[in-house]
Amino acid sequence: MAKKKKRNMADGSGDMDAIKLPDKKKIRALNEESRRGSAVNQYAEALFSTDKSRHQGSFERAIQYEDPGRNLTLVPEEEEEEDEDDITEFAARNVPKATGLNRGVKLGGQYVRKKTIVIWCVVAVSFLLAMMFAFPPIMTDDVDNSKVLENQDIFKDMGMTELKAYASAHYYVHSQKAFNSEKSESYRVVELAFNARNLSPFTVEIPKVVVTKVDPLYEDHIAYVRIGSVDENGKDVPETIPAFSSKKITVQILVNVAEMSEKEFNDAITSMILSTEGMNKKVLGMSIPCVPFFMFVSNNISLELK
């Protein structure tokens with residue numbers, strides 16, 4: 001009985017780790033004319049050269065199709081060749097150089113494009129120009145100096161018809177219905193004080209202040225609003241604030257208090273939001289319009305019906 005030949009484990013035939021990727025150069029060599037018909041591949045040549053097969057054999061195809069599941073790697077020599085090709089291809093690319101505003105300028109520890117710096121400068125200059133020419137003065141309420149003027153006889157110098165005509169021409173008239181009484185005791189003049197600060201290098205002129213909002217319950221109680229500034233002849237003139245200075249300004253409001261309690265009187269005043277109208281800056285003899293400034297009447301104001 002013939003003995004079975006033992007498998008020699010030392011030759012690597014049973015070790016899966018010993019399997020190596022075939023050498024591609026040797027496979028390509030099998031296609032050379034000098035190797036065709038040799039004892040190495042004569043059977044394969046005979047098979048693929050006959051009409052029995054629809055496809056002509058090529059050992060090059062064995063190189064093109066590799067099993068990705070086996071995670072096979074290239075031979076070290078071929079890896080180096082591919083790396084050299086990649087470096088040569090990258091070096092051959094035409095990388096454009098930064099020119100003009102796209103060039104970088106080092107600021108601190110990093111480079112910033114000149115275009116970005118120019119944009120920052122334009123924004124900063126635009127903001128400064130807006131501050132100088134269009135930005136309004138800042139006004140804060142002065143609660144301690146806001147009060148009800150005493151002994152104000154609004155009909156001392158003119159009657160109701162003349163007062164309405166004068167107010168319409170010089171002040172902001174909020175409600176014509178508020179002029180429904182010819183008794184001086186039916187009206188109160190409220191003087192609201194504000195601290196105005198002009199941060200620009202130009203003189204600011206405020207010709208008029210208007211009521212932007214008031215509680216609807218008291219719409220018909222607000223007669224008019226005016227800037228409390230007069231010249232040496234007693235005529236109303238626009239309020240002016242010199243450049244880089246602060247000034248106290250007053251706004252006078254005529255209120256019809258007929259059938260109003262003291263609480264309603266206070267609620268009517270504190271519910272108002274005032275704003276400037278027609279405000280401008282004097283620049284080289286020209287009047288540059290300003291953005292309106294909104295003044296919120298403080299809830300801390302306490303007024304008494306005297």
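Of all the criteria given as (1) among the charged types (D, E, K, R); (2) touching a Lys or Arg at 6+ places or on another chain (Cβ under 8 Å); (3) over 30 Å from LYS281 (Cβ atoms), the one not satisfied by GLU162 is (2). Consider the range 166-202 and keep the residues that are more than 40 Å from the chain's Cα centre (by Cα) and among the polar types (S, T, N, Q). The one that is nearest to PHE296 (Cα to Cα) is SER175. Each residue in the range 179-218 was checked for being touching a residue at least 40 places away in the same chain (Cβ under 8 Å) and either small (Gly, Ala, Ser) or not assigned by TED's automatic domain parsing to the domain that holds ILE273 (or both), and 5 pass.
Within the range 230-264, how many residues turn out to be outside any strand (DSSP E or B), farther than 15 Å from MET279 by Cα and not aliphatic (A, V, I, L, M)?
So the answer is 11.
Scanning the range 185-195 finds one or more residues that are exposed (fewer than 15 other Cβ atoms within 10 Å of the Cβ), out of contact with any Ser or Thr (no Cβ under 7 Å at 6 or more places or on another chain) and at pLDDT 90 or above. Kindly evaluate VAL255 against the criterion of being touching a residue at least 24 places away in the same chain (Cβ under 8 Å), touching a Phe, Trp or Tyr at 6+ places or on another chain (Cβ under 9 Å), within 24 Å of GLU150 (Cβ to Cβ) and among the hydrophobic types (A, V, I, L, M, F, W, C). Here the answer is yes, as VAL255 does meet what is asked.
Looking only at the range 166-184, count every residue that is in a helix (DSSP H, G or I) and either surrounded by fewer than 15 Cβ atoms within 10 Å (Cβ to Cβ) or acidic (Asp, Glu) (or both) and tell me the total. Qualifying residue count, the range 166-184: 6.
TYR218 satisfies every condition listed in (1) surrounded by 15 or more Cβ atoms within 10 Å (Cβ to Cβ); (2) more than 24 Å from VAL143 (Cα to Cα) except (2). Of the residues making up the range 267-297, those that are part of a helix (DSSP H, G or I) and among the β-branched types (Val, Ile, Thr) number 2.
Taking the range 219-244, which residues are touching a residue at least 60 places away in the same chain (Cβ under 8 Å) and over 34 Å from the mean Cα position of the chain (by Cα)? ASP236, the sole residue that qualifies. The residue that is nearest to the chain's Cα centre (by Cα), counting only those in the range 245-296 that are surrounded by fewer than 19 Cβ atoms within 10 Å (Cβ to Cβ), β-branched (Val, Ile, Thr) and farther than 16 Å from PHE194 by Cα, is VAL291.
Figure legend. Inter-residue proximity from the range 155-178: first residues farther than 27 Å from LYS213 by Cβ and assigned by TED's automatic domain parsing to the domain that holds ILE222, second residues surrounded by 13 or more Cβ atoms within 10 Å (Cβ to Cβ) and among the basic types (Lys, Arg), beta-carbon distance below 8 Å, spacing 6+ or different chains. No pairs are indicated.
The values are calculated or read from the model by the stated rules, or taken from the named source; none is laboratory data. Since we're looking at a predicted model, the values are computed, not measured. All Cβ positions, glycine included, derive from the backbone under ideal geometry; neighbour counts span all protein chains shown.
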